[in-house]
Every structure is written in structure tokens, then in C-alpha cells.
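Report on the structure given below.
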Amino acid sequence: MLLALLALMLLNAGGLQSLQIMTLITALPFAVIMVLFSISLMKALIIDQNYYDSTFSVTTIPWSGESWKERLKKMVNFKSKSAINDFIDSHVEPALTELKAEFDSNGINAMIQKYDEPLRIEISISHDTVDNFVYGIKCHRKLVAEYFRQERNLPDVEHQKTYFPKTYFGDGREGYDVKYFTKNELISDVLKHYDRFLEIVSQKDNELFISNNDED
């Protein structure tokens, strides 16, 4: 109401030009706010992109060629659900247990949790002001294409469903197959992701991604 009255007075006093000047003056603070908002949005998008670009390729463990016969055997044998569950029990769990003990000896309180259906196990480190570090491996199902099953010079696949141990992370990044990893390579893989985690949360530019778990 007041703005309408003021506009009417300006029209009577100075015509359309005075009204245009008043409109520009009134809109100027909002224009500044929108510019600052756009700059902040661009910075946030750049940080967001850099955050998710800070990742590893599927093969995080360089392979020297050692035990190549065993690796070839694993490549041409598609696993059942029970075989992957056994891998998690016999390889992954001992690796995470040994790593947890070493974390504890270095003053870092790590926790191991195991779940069923599908079987998965994870090691996590809780924090007060940043998101928790989580590295897990689960029994993951995939479907095999029909043409693959019918091809003669490809590995035999008995069923359309096959399984593999797949990693997952606390920040939701896509995981990968770790069926070729030895116990020490699994430990090394966790430590590489933990090193990445420390690097990210220690950077001042990534403060936008720091969340207080107590407020969740």
C-alpha cells in the first residue's frame, strides 16, 4: 500500500522517469543478493564436483601378476551366493578385524558390524562433527546376459544369477568387485579410502560437507 502510494506521488511529481529510478533503487539490494547467491551456488557446485571426483578407479590395488593362475581361475568361475558369503567370512572379516585392532592401537576407535540378507560387513569410524567413515563389502547379485551363457568359448555359467563381493561407502559412492583381493590387499584398500577421507575432511574448502552427527 505504501509503495503504491509512493509510486503515485512520484508519477505526479516527476513522471515515469522518477518511477523508473525508484524501481531501480529498490531492486538494487535484491540484485546484489542474487549475484552473491549465484556466486555461492557456483562455489558449492564446484566443491561438490571436486568431492565426488576424488575417487579411485575400479582397480585400486595395482596387480603385479603374482598368482596369475589363481586369478585366472577366479575369472572363469562365476560364483554362487554361498561362495561369496564364504569369501566374506573367511577373507574380509579377518582382514577388517586385524585392521580394527591396529586402528585401536593407534588411538582410533573403529567398529565392525555384520548384517544378513544380503550378507555384508563394514568397518566404521564415528566422528562428532564430520560424517562417519564407512567401508563395507556386501554379497551383490548380478544377472548374466543370455547370449553370454550360450556362447561356447566363454566361461560356463550354470545360472542366470551370479554373485560377487562389492564394496560400499558411507558417502554413497559406487563400489566395485573385490573378489581378487587378498587379505592384505583388502586392508590396503580400506586404508586408501581412509586416507582419501582424511584428506577431504581436513580441507577448509570442504566445510560445506561437514555435518554434525549429533544433529541428525
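Here are some pairs, LYS114/LYS204; LYS166/LYS204; LYS166/LYS192; LYS100/LYS183; LYS138/LYS183; which of them have Cα atoms lying more than 24 Å apart in this structure? Please list the in-between numbers first.
Working: LYS114/LYS204 34 Å; LYS166/LYS204 32 Å; LYS166/LYS192 16 Å; LYS100/LYS183 13 Å; LYS138/LYS183 16 Å.
Long pairs (Cα-Cα over 24 Å): LYS114/LYS204; LYS166/LYS204.
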Distance in nm between GLU117 and GLU199 label points, each 7 Å along Cα→Cβ, equals 4.1 nm
Quick one: with all protein chains in place, what share of the accessible area of the range 90-177 is carbon or sulfur, to the nearest percent (1.4 Å probe)?
45 percent
Approximate spin-label separation LYS73-GLU151, in nm, with each point projected 7 Å along Cα-to-Cβ:
2.4 nm
The range 68-210 - Rg and Dmax from Cα coordinates, angstrom
17.6, 56
Taking R0 as 41 Å, what's the FRET efficiency between ARG141 and ALA44 from their Cβ-Cβ distance, rounded to 0.05?
0.65
Karplus 3J(HN,Hα) series, Hz, for the range 82-91 with 6.51 cos²θ - 1.76 cosθ + 1.60 (x for Gly, Pro)
5, 5, 6, 4, 5, 4, 5, 5, 8, 10
SASA check, TYR168, accessible area w/ 1.4 Å probe, all protein chains in place, rounded to nearest 10 Å², comes out at 40 Å²
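The values are calculated or read from the model by the stated rules, or taken from the named source; none is laboratory data. This structure is a prediction, so every number in the text was calculated from the model and none was measured. Cβ atoms come from the backbone with ideal geometry, glycine included; neighbour counts cover every protein chain shown. We work out accessible area using only protein heavy atoms, side chains counted, and drop any ligands, DNA or RNA first. Shrake-Rupley method; radii C 1.70, N 1.55, O 1.52, S 1.80 Å.
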